[in-house]
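Here the structure comes first, spelled out in structure tokens, and everything after it is commentary.
The values are calculated or read from the model by the stated rules, or taken from the named source; none is laboratory data. Predicted model only: the values in this text are computed from it and were never measured. No Cβ is skipped: glycine too gets one built from the backbone with ideal geometry, and neighbour counts run over all protein chains shown. Side chains are part of the model used for accessible areas, which takes the heavy atoms of the whole protein and leaves out ligands, DNA and RNA. Shrake-Rupley method; radii C 1.70, N 1.55, O 1.52, S 1.80 Å.
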Amino acid sequence: MPNRISVFVHALDSISELGVIAALRLRPEVHIVERQDADPDTVAVLVVDEIDDAAVSLVKSTRGQGIQRIVLVASSLEDNGVFAAAEAGISGLARRKDVTADGLVQVITSVNRGAGVLPPDLVGSLLKQVSKLQHQASVPRGGQRYSGITDREADVLRLVSQGLDTNEIAQELCYSERTVKNTLHAINNRFNLRNRPHAVAYAIREGLI
């Protein structure tokens, strides 16, 4: 139907899958489709207990089917798993015990618009977990870091990691929304990154922010 988001739901256990499908079927914003009917415009909602090898493989296989927008709903969110999921290609992440039908639809809608969604409370723990991997980046004259990332790009990524959307980042840095979008696009192209969560995971792991 027009203006409805096509959503494919898959879980590693059938009870969870049926529960999520039942909740989303009641929402006018989404239209549930079967796996064979999913296309590149579909948002996949994958439900797992923890982000382990099986969950990462599920994300990768789903992307292999041509679905680029993936929301992962997990019971347990450990830092290592979050990085693995981001690098595998998720666009959104939600903690199972916290997410409601309304909240899940909001995540799906944001991901469908091209945004990346991560629980805000994870940012601090992620930064601590990877602090040992961070290095001091020397900044030569002109603002270009030896890592290949500019001060502007680092500022934008730092605010993305704090959960700010494009409009909020633009206001915070006194840039236009177009400038923020272009900056993120340039970062993703240069480092071959898939989306905002992947960009943040890469930047933190490499000590860029």
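Structure notes:
- Top-ranked residue in the stretch 170-194 [being open to solvent by 100 Å² or more (accessible area, probe 1.4 Å) and touching a helix residue (DSSP H, G or I) at 6+ places or on another chain (Cβ under 8 Å); ranked as nearest to residue 155 (Cα to Cα)]: 172
- Checking each residue in the stretch 116-128 for being surrounded by fewer than 17 Cβ atoms within 10 Å (Cβ to Cβ) and either polar (S, T, N, Q) or modelled with pLDDT of 75 or more (or both) picks out 119, 125.
- Candidates in the stretch 94-114 are the residues that are open to solvent by 30 Å² or more (accessible area, probe 1.4 Å) and closer than 19 Å to residue 68 by Cβ; of these, the one that is modelled with the highest pLDDT is 109.
- Within the stretch 170-187, residues that are closer than 15 Å to residue 151 by Cβ sit with their Cβ atoms under 7 Å from residues that are open to solvent by 100 Å² or more (accessible area, probe 1.4 Å), at 6+ positions apart or across chains, in these pairs: 183/152.
- Residues (in contact with a strand residue (DSSP E or B) (Cβ under 6 Å, 6 or more places away or on another chain), open to solvent by 10 Å² or more (accessible area, probe 1.4 Å) and assigned to a helix (DSSP H, G or I)) located in the stretch 52-77: 58
- If the condition is being among the hydrophobic types (A, V, I, L, M, F, W, C), open to solvent by 60 Å² or more (accessible area, probe 1.4 Å) and either assigned to a strand (DSSP E or B) or in contact (Cβ under 8 Å) with a residue 60 or more places away in the chain (or both), then the stretch 1-51 contributes only 26.
- Qualifying residue in the stretch 78-89 (condition: within 28 Å of residue 161 (Cα to Cα), open to solvent by less than 20 Å² (accessible area, probe 1.4 Å) and of a type outside the set (Gly, Ala, Ser)): yes
- For the stretch 160-169, the set of residues classified as closer than 13 Å to residue 116 by Cα and either in contact (Cβ under 8 Å) with a residue 24 or more places away in the chain or crowded, with 22+ Cβ neighbours inside 10 Å (or both) consists of 160, 161, 162, 163, 165, 166, listed by residue number.
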